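Taken together, the values in this text are just the output of simple stated rules run on the coordinates, not laboratory data. Computed from a prediction, not measured in an experiment: that's the story for all the values here. Virtual Cβ from ideal backbone geometry, glycine too; neighbours counted across all protein chains shown.
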Amino acid sequence: MPAGRDTSPRRRALFLDRDGVINVDHGYVYRVEDFEFIPGIFELVRYAVHDLGWHVIIVSNQSGIGRGYFDEATYQTLTDWMLARFQAENTPITRAYHAPHHPEHGIGAYRVDHAWRKPKPGMLLQAAIDFDLDLPGSAMIGDSLSDMQAAEAAGVGLRILLEPAAEASSVGNATFHVAKTHADALVILRQSVHNSGL
C-alpha cells in the first residue's frame, strides 16, 4: 500500500476548481469544442485517487447559467463529457458541484447571494456531508482568492493557488501555497502528505 494512502473511515478529498484548474479559462466555457484540459491535471487526479485513495471533487462557480449565457442542461452535457474523459484516463471524479447563482448579475431566481457561491464554503461543506470527509486533512487547488477563501472557511487543511505570476500570499490570517504549474501543485501535495500526514 502506498505511503500516505487514506484508509481512515472519514476519507479525505482533493477539491478542484474547474475553469483555470481543470481547463483553460476562456470565459464561461460551456461547449466541448472550447474545453481545453490543462497539462498535468490528469496526473494530479491520478495521484490523489490511486496513491492517496482520496475522493476528487469539483467545486465550481458557474454564474454563466445565472446570467443566461447557457442553461443547466448545456452545463450538464459538458460536465458529463468532462467526467467521461477523466474516467477514460483512469482518473475518476467523485462528484462535480456547481454554483449557478450571482448576487448582482443573476436573472430571476439566480439573482441571490447563495451559500454555495465561492468565496462562501457551501459546496465544500455539502461535499463533506455527502461523503463524510475529513476537511482538515483535505486539500483545495484553485486559481483565485475566492477559492482560497472558501477552502479556508470550510476548514480545508491544504490550500494551493495556481497562479503563474504570483508570489506567496495570504487571505487575512489564512496562508496558502502558490504553484506556478500543475507539476508544482503536485510537488506541494506530495510534500504535504509526506511531512504532515495530510
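Fewest-first ordering of His98, His26 by other beta carbons within 10 Å of each residue's beta carbon gives His26, His98. The candidate values are (1) 16.0, 51; (2) 18.1, 64; (3) 23.7, 91; the one derived from this structure for Rg and Dmax of the Cα atoms in Å carries the label (1). Ranking Ile22, Ile141, Leu78 by how far each Cα lies toward the positive end of the dipole of the chain (charges on Cβ) leaves Ile141 at the top. Peptides 157-163, 29-35, ordered by how many other C-beta atoms sit within 10 Å of their residues on average, highest first, read 157-163, 29-35. Listed from fewest to most Cβ neighbours within 10 Å, the set Ile107, Ile58 follows the order Ile107, Ile58.
When the Cα convex hull of the stretch 114-166 is projected onto planes of every orientation, the mean area is 3.4 nm². For Arg31 and Ala88, what is the calculated FRET efficiency with R₀ set at 25 Å and r taken between the beta-carbons, to the nearest 0.05? For Arg31 and Ala88, the calculated efficiency is 0.80. Sites listed here are GluC sites (Glu not before Pro) in the stretch 64-140 whose DSSP assignment is loop and whose Cβ has at most 15 other Cβ atoms within 10 Å: Glu89, Glu104.
Taking the alpha carbon gyration tensor of the stretch 19-118, multiplying each eigenvalue by 5 and rooting it gives semi-axes of 26, 15, 11 Å, largest first.
Near Thr74: Cβ cut-off under 14 Å, other residues only, Lys/Arg at +1 and Asp/Glu at -1. The net charge is -3.
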